[in-house]
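Structure first, then comments.
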Amino acid sequence: MAAAQRVVLTDRRLKAIKAAAAGKRSMIWDAQQPYLAIRTTEHGTKTWVVYKRTAGKLVGVVIGKYPAVPLAKARKRAGDILDTLAVGKHPRDLEREREREEADRRQEEARRRRDTLASAVETFVKAVKADGLRTVAATEAVLRREFLGQALKRVRKTEERDGKTMTAWVREWHPGADVLWSERPVFEIRKHDVVERLDIIKAARGPHAARGALAAIRRFFNWCAEGERYGIEVSPCAGMSDKKTLRIKRHQLMRQHVLTDADLSDVWKAADGFGYPFGAMVKLLLLTGQRRSDIAEARKPELDLEAKLLRIPPER
């Protein structure tokens with residue numbers, strides 16, 4: 001190797017460096033960054049290197065080739081390498097740590113992308129149902145309809161029970177024509193996304209629908225943030241309200257119509273066309289004025305026919 005030189009390196013000087021003599025390599029040390037040098041081969045290849053004696057051993061670390069690694073970056077990287085050597089670590093070990101951290105980051109990123117809104121809503125619904133919260137059915141319906149683009153469909157189910165084939169019609173949620181946010185990763189949803197979706201709902205179905213949608217999506221994201229689920233630490237719905245976000249005035253939420261006797265008669269006749277159980281349920285709602293879920297989820301033990309009472313237990 002030719003005799004080493006020490007100069008303040010600049011881009012102009014770096015570009016002017018000639019190839020080393022045949023069979024040799026030249027080394028020019030940077031006077032500004034100690035232990036940093038540019039090494040040049042007989043073919044003109046220029047490589048940044050750091051050489052530092054530590055713990056009685058000469059340690060050499062290759063940073064990269066010039067000009068792919070510019071001067072400023074080489075000086076910065078050399079400083080990092082010297083800091084690492086100063087605490088008794090080899091830069092190679094530090095690089096392995098960085099590679100592991102990068103692999104963990106990529107794995108976490110991939111996991112988050114698998115956590116779509118559709119799968120997260122499924123987990124959320126199961127969790128709040130287990131807690132026995134009474135409004136979960138309404139919240140689930142809004143999330144599925146307004147944010148996942150799903151619709152309820154009647155499906156015929158057949159199963160074997162006690163040696164007999166039992167058939168029943170059940171209602172299940174199925175994807176609609178527009179899946180909306182179903183495949184979207186939860187952690188990618190931002191406040192402006194929620195506001196934009198609520199504006200669409202308000203324009204299409206009015207302030208009541210938008211208000212219900214905000215309540216449902218806010219409840220979902222609060223649940224995510226409380227447990228830092230799906231990488232959500234702060235709910236994108238934080239600070240959102242009917243008045244500020246949706247700009248809904250109080251008079252817009254007031255009901256504009258009360259059913260007349262003629263309306264009730266029309267609804268009663270229409271219920272006859274639905275058959276059991278929905279037609280009967282609608283009629284019972286008309287007669288009692290109860291909430292839909294109170295009637296739809298009623299069980300036989302709750303009915304006292306002698307007293308003519310429906311006793312709704314506290315858990316409902």
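Name the residue that is farthest from L143 (Cα to Cα), counting only residues in segment 219-242 that are in a helix (DSSP H, G or I), touching a helix residue (DSSP H, G or I) at 6+ places or on another chain (Cβ under 9 Å) and open to solvent by 10 Å² or more (accessible area, probe 1.4 Å).
Taking segment 219-242 first, the residues in a helix (DSSP H, G or I) are 219-226, 229-231.
Now restrict to residues that are touching a helix residue (DSSP H, G or I) at 6+ places or on another chain (Cβ under 9 Å): 219-221, 223-224, 229-231.
Adding the requirement that they be open to solvent by 10 Å² or more (accessible area, probe 1.4 Å) leaves 219, 223, 229-231.
On the way: R219: 10, W223: 14, R229: 17, Y230: 17, G231: 20 Å.
Checked segment 219-242; the qualifying residue farthest from L143 (Cα to Cα) is G231.
Under 6 Å between Cβ atoms, which residue pairs at least 6 apart in sequence (or on different chains) link something in segment 208-223 that is more than 15 Å from A118 (Cα to Cα) with a partner that is polar (S, T, N, Q)?
Short answer, once both residue conditions are applied: R219/T139; N222/S235.
Of the conditions (1) small (G, A, S); (2) open to solvent by less than 60 Å² (accessible area, probe 1.4 Å); (3) in a helix (DSSP H, G or I); (4) within 24 Å of V121 (Cβ to Cβ), G279 fails just one. Which one is it?
Single failed check for G279: (4).
What is the residue count in segment 196-218 for residues that are part of a helix (DSSP H, G or I), open to solvent by less than 40 Å² (accessible area, probe 1.4 Å) and not basic (K, R)? First the steps, then the outcome.
Going through segment 196-218, the residues part of a helix (DSSP H, G or I) turn out to be 196-205, 207-218.
Adding the requirement that they be open to solvent by less than 40 Å² (accessible area, probe 1.4 Å) leaves 197-198, 201, 207, 209-210, 212-214, 216-217.
Going one step further and asking which of them are not basic (K, R), we end up with 198, 201, 207, 209-210, 212-214, 216-217.
Within segment 196-218, residues that are part of a helix (DSSP H, G or I), open to solvent by less than 40 Å² (accessible area, probe 1.4 Å) and not basic (K, R) number 10.
Among the numbered criteria (1) outside any loop (DSSP other than H, G, I, E, B); (2) open to solvent by less than 40 Å² (accessible area, probe 1.4 Å), which one does R100 miss?
(2) is the only condition that R100 fails.
Can you name every residue in segment 113-167 that is in contact (Cβ under 8 Å) with a residue 12 or more places away in the chain and in a loop (DSSP other than H, G, I, E, B)?
D115, G132, R134, L148, G149
Taking segment 78-87 as the region of interest, how many residues are open to solvent by 40 Å² or more (accessible area, probe 1.4 Å) and touching a Pro at 6+ places or on another chain (Cβ under 9 Å)?
Qualifying residue count, segment 78-87: 1.
Of all residues in segment 287-300 being open to solvent by less than 90 Å² (accessible area, probe 1.4 Å) and of a type in the set (A, V, I, L, M, F, W, C), which is nearest to A138 (Cα to Cα)?
Taking segment 287-300 first, the residues open to solvent by less than 90 Å² (accessible area, probe 1.4 Å) are 288-290, 293-298.
The next check asks that each one be of a type in the set (A, V, I, L, M, F, W, C); those that pass are 295-296, 298.
Values: I295: 14, A296: 13, A298: 16 Å.
Among residues in segment 287-300 that are open to solvent by less than 90 Å² (accessible area, probe 1.4 Å) and of a type in the set (A, V, I, L, M, F, W, C), the one nearest to A138 (Cα to Cα) is A296.
Among the listed residues L303, L284, L309, identify the single one that is touching a helix residue (DSSP H, G or I) at 6+ places or on another chain (Cβ under 6 Å), open to solvent by 70 Å² or more (accessible area, probe 1.4 Å) and under 26 Å from L259 (Cβ atoms). Don't jump to the end; show me each part of the working.
Details: L303 fails: touching a helix residue (DSSP H, G or I) at 6+ places or on another chain (Cβ under 6 Å); L309 fails: touching a helix residue (DSSP H, G or I) at 6+ places or on another chain (Cβ under 6 Å).
Selected residue: L284, the only one of L303, L284, L309 that is touching a helix residue (DSSP H, G or I) at 6+ places or on another chain (Cβ under 6 Å), open to solvent by 70 Å² or more (accessible area, probe 1.4 Å) and under 26 Å from L259 (Cβ atoms).
How many of the residues making up segment 33-64 are surrounded by 12 or more Cβ atoms within 10 Å (Cβ to Cβ) and more than 16 Å from P91 (Cβ to Cβ)?
The number of residues fulfilling the criteria is 7.
Check A20, A74 and return the single one that is surrounded by 13 or more Cβ atoms within 10 Å (Cβ to Cβ), out of contact with any Leu (no Cβ under 6 Å at 6 or more places or on another chain) and part of a loop (DSSP other than H, G, I, E, B).
Numbers: A74 fails: part of a loop (DSSP other than H, G, I, E, B).
Step by step, each of A20, A74 is checked, and only A20 is surrounded by 13 or more Cβ atoms within 10 Å (Cβ to Cβ), out of contact with any Leu (no Cβ under 6 Å at 6 or more places or on another chain) and part of a loop (DSSP other than H, G, I, E, B).
Just for segment 123-150: of the residues that are more than 17 Å from A215 (Cβ to Cβ) and modelled with pLDDT of 90 or more, which one is least open to solvent (accessible area, probe 1.4 Å)?
G149
In segment 168-179, how many are part of a strand (DSSP E or B), of a type in the set (A, V, I, L, M, F, W, C), more than 21 Å from G212 (Cα to Cα) and open to solvent by 60 Å² or more (accessible area, probe 1.4 Å)? Write out each step before concluding.
Within segment 168-179, the first condition is being part of a strand (DSSP E or B), and the residues that meet it are 168-175.
Then keep just the ones that are of a type in the set (A, V, I, L, M, F, W, C); that gives 168-170, 173.
From the residues that got through so far, the ones that are more than 21 Å from G212 (Cα to Cα) too are 168-170.
Remaining after also requiring open to solvent by 60 Å² or more (accessible area, probe 1.4 Å): 169.
Number of matching residues: 1.
Under the condition of being of a type outside the set (D, E, K, R) and surrounded by 16 or more Cβ atoms within 10 Å (Cβ to Cβ), which residue from segment 180-194 is nearest to A238 (Cα to Cα)? Spell out how you get there, then give the answer.
Quick first cut of segment 180-194, residues of a type outside the set (D, E, K, R) only: 180-182, 185-187, 189, 192, 194.
Okay, now just the ones that are also surrounded by 16 or more Cβ atoms within 10 Å (Cβ to Cβ), so 180-182, 185-187, 189, 194.
Details: L180: 22, W181: 19, S182: 22, P185: 19, V186: 15, F187: 15, I189: 13, V194: 11 Å.
Ranking the candidates gives V194 first.
The values are calculated or read from the model by the stated rules, or taken from the named source; none is laboratory data. Everything quoted here is computed from the prediction, not taken from an experiment. Because the Cβ atoms are built from the backbone with ideal geometry, glycine has one as well, and the counts that use them run over all protein chains shown. Accessible surface is based on the protein model in full, side chains and every heavy atom, while ligands, DNA and RNA are left aside. Shrake-Rupley method; radii C 1.70, N 1.55, O 1.52, S 1.80 Å.
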